[in-house]
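Reviewing the structure listed below.
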Amino acid sequence: MESVKLNAQNLSDFADRVAIPKYDRQQLKKGIVHIGVGGFHRSHQAYYIHQLLEKYSATDWAICGVGLREADRNMANVLKTQDCLYTLVTQHPDGKVESEVIGSITAYLLAVDEPQLVIDTMAHPDTKIVSLTITEGGYNFNPITGEFNFKNPDIQHDLAYSDEPKTVYGYMIAALRKRHANGLPPFTILSCDNIQHNGDMLRMMLLAFAKKQDIKLADWIASEVGFPNTMVDRITPVTTPEVTSYLKNTYQITDEWCVVCEPFIQWVVEDNFSNGRPPLEKLGVQFVPDVTPYEKMKIRLLNASHSVLGIPGAMHGHPTIDVCMEDSVFAKFMRQFMDMEVTPILGKIEGIDIEKYKECLEKRFANPNIKDSVSRICAESAAKLPKFLIPTLKENLENDGSIKYGTFILAAWCYYSDKGIKENGEPLEIIDAQKEELHQAAKKTENDWAAFLSQPEIFENLNKNERFIKEYTSIVQAIYKENNIRQLMSELLKMEKF
Ligand code: CS2
């Protein structure tokens with residue numbers, strides 16, 4: 001049988017092969033505008049909303065996706081031809097696969113082409129929530145001063161030309177200004193990135209930007225807009241051509257925008273919405289008064305452990321996270337990091353058994369069908385590690401706790417950034433907006449062992465801490481001398497060398 005293109009017109013053709021939306025997509029109101037429609041948004045929030053539409057007819061909550069960058073153009077083009085439909089492929093550890101066409105995104109706007117339409121959609125009375133996944137590095141936060149980065153040229157552009165914004169802040173302010181002028185209530189702003197206190201951080205940044213333009217508007221935002229903090233979780237690897245072929249060969253579906261994910265899904269949200277919200281609690285989303293302990297646990301255990309496997313994994317030549325987990329040295333190293341360096345600082349979390357949570361993480365990482373590439377994990381480490389790993393190190397330095405495992409990863413990252421090759425001499429695929437700066441700092445290492453740490457926007461003042469410098473220096477020297485990361489990990493585990 002010939003493969004058929006996924007779109008609204010052909011949708012019913014697939015009904016005997018995969019699950020397709022049962023609701024009438026034409027009748028839905030767009031209650032959510034989502035900025036940053038990557039794989040994660042599609043496997044997580046859009047999937048939750050899809051289920052609400054399936055099971056509870058929550059017809060006010062369809063999603064309008066927005067891409068802010070020129071780089072989103074390809075996706076926008078594909079989406080147009082697919083009427084925003086895509087297949088979600090859930091890969092279970094035992095080999096079971098579930099494929100389902102998701103219909104909750106009903107429109108997609110490429111902001112560079114239609115800035116006014118994006119502002120008008122956000123300012124439309126139907127829009128109740130603007131949600132975001134703009135990545136850990138996307139918040140325009142200056143880690144040294146803790147303040148909004150007004151030096152960013154795009155931000156300066158948005159201040160000068162507020163009707164033709166480029167940044168997420170420019171768009172949100174333009175739309176909120178319009179709502180205010182029209183006497184509409186503001187939308188809730190819902191951050192779904194892996195940053196502790198993501199809502200608070202976004203609020204602080206947006207208010208700083210708003211105050212520069214319009215104090216009255218800033219006051220209105222400060223008193224009326226809800227910025228719930230959230231913890232989001234579902235491992236979503238990069239879609240590979242194998243998945244596209246799988247859909248073609250198994251179900252005869254041509255889908256150029258499919259997404260793969262694990263079965264696990266979790267969302268914990270503070271119930272602080274200023275203009276209504278979908279009844280997500282019906283699907284097991286947890287609404288809590290304070291998300292802090294959950295987000296800390298998830299970011300410091302799951303996201304940091306990903307980097308703990310990914311960076312040395314990439315250097316050693318392990319292609320994916322499950323392959324790292326199959327290697328007992330890597331698996332033990334990660335467990336030790338979780339037990340000795342993260343668990344002690346987490347404290348007790350009401351309703352959560354940390355031991356079980358860690359065991360569950362190990363199983364999720366070991367899922368052989370997810371094939372989550374180490375290059376995805378290592379991508380943008382300069383934005384990730386200051387959120388995932390470095391805060392743990394700092395807390396352990398304050399409390400006299402163990403710092404060996406976390407320090408080892410930073411030293412490995414230095415070598416990785418300096419040499420840019422695997423142990424077997426093949427080039428590493430380094431994806432990082434800070435790639436050049438990292439390389440410049442790292443390449444001075446052999447003349448000055450702590451040179452890599454002189455990047456205050458990443459390490460702040462860690463390079464002034466004597467205990468840390470001592471540990472770091474001894475590890476980084478060993479890594480440069482031996483170029484055998486796995487061997488050194490195993491020596492660290494036996495406490496032989498460091
Ligand atoms: C990963 C996350 O980007 C990363 O380094 O740790 O994308 C992770 O897979 C998700 O946060 C899982 O919820």
Peptides ranked, highest mean first, by Cβ atoms within 10 Å: ranges 185-195, 438-448: 185-195, 438-448
In whole percent, the fraction of accessible protein surface over the stretch 292-493 that belongs to carbon or sulfur atoms, probe radius 1.4 Å, stands at 49 percent
Carbon and sulfur atoms account, in whole percent of the 1.4 Å probe accessible area of the stretch 34-95, for 48 percent
So the angle from the long Cα axis of helix 304-316 to the longest Cα principal axis of the chain, reported in degrees to the nearest 10, equals 60 degrees
Per residue, the convex hull enclosing the alpha carbons of the stretch 272-348 has a volume in Å³ of 141 Å³
Please enumerate, by chain and number, the lysines with C-alpha under 21 Å from the C-alpha of LYS216, excluding those fewer than 8 residues away in the same chain. LYS178
Taking the Cα atoms only, what angle lies between the long axis of helix 215-224 and the longest principal axis of the chain, rounded to 10 degrees? 90 degrees
Accessible area of ARG364, 1.4 Å probe, to the nearest 10 Å²? 20 Å²
With label points set 7 Å from each Cα along the Cα-to-Cβ direction at GLU350 and ALA181, the distance between them in nm comes to 4.4 nm
What relative contact order, as a whole-number percentage, does the chain give when Cα pairs under 8 Å and 6 or more residues apart are counted? 14 percent
The chain pair-distance distribution - Cα-Cα, 20 Å bins, rounded %: 22, 54, 23, 0
Set of aspartates and glutamates with alpha-carbon distance to LYS151 below 15 Å, sequence-local pairs under 8 removed: GLU457
Between helix 45-56 and the chain: long-axis angle, C-alpha atoms, 0 to 90°, nearest 10: 40 degrees
Under 14 Å by backbone N from the virtual spin label 7 Å along Cα-to-Cβ at GLU491, the residues of the stretch 428-453 are none
A 25 angstrom limit on the alpha carbon distance is what I want to check against. Which of LYS29/LYS282; LYS30/LYS80; LYS128/LYS298 exceed it? LYS128/LYS298
So the FRET efficiency between ILE431 and GLU359, C-beta based with R0 = 25 Å and rounded to 0.05, is 0.20
Can you give me the accessible area per residue for the chain, using a 1.4 Å probe, in Å²? 41 Å²
Hey, what number do you get for the chain at 222 nm if only DSSP H runs of n ≥ 4 count, each worth -39500 (n - 2.57), divided across all residues, to the nearest 500? -13000 deg cm²/dmol
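The values are calculated or read from the model by the stated rules, or taken from the named source; none is laboratory data. Please read these numbers as outputs of a predicted model, since none were measured by experiment. Methodologically, a virtual Cβ is constructed for each residue, glycine included, from the backbone with ideal geometry; neighbour enumeration extends over all protein chains shown. Accessible surface is based on the protein model in full, side chains and every heavy atom, while ligands, DNA and RNA are left aside. Shrake-Rupley method; radii C 1.70, N 1.55, O 1.52, S 1.80 Å.
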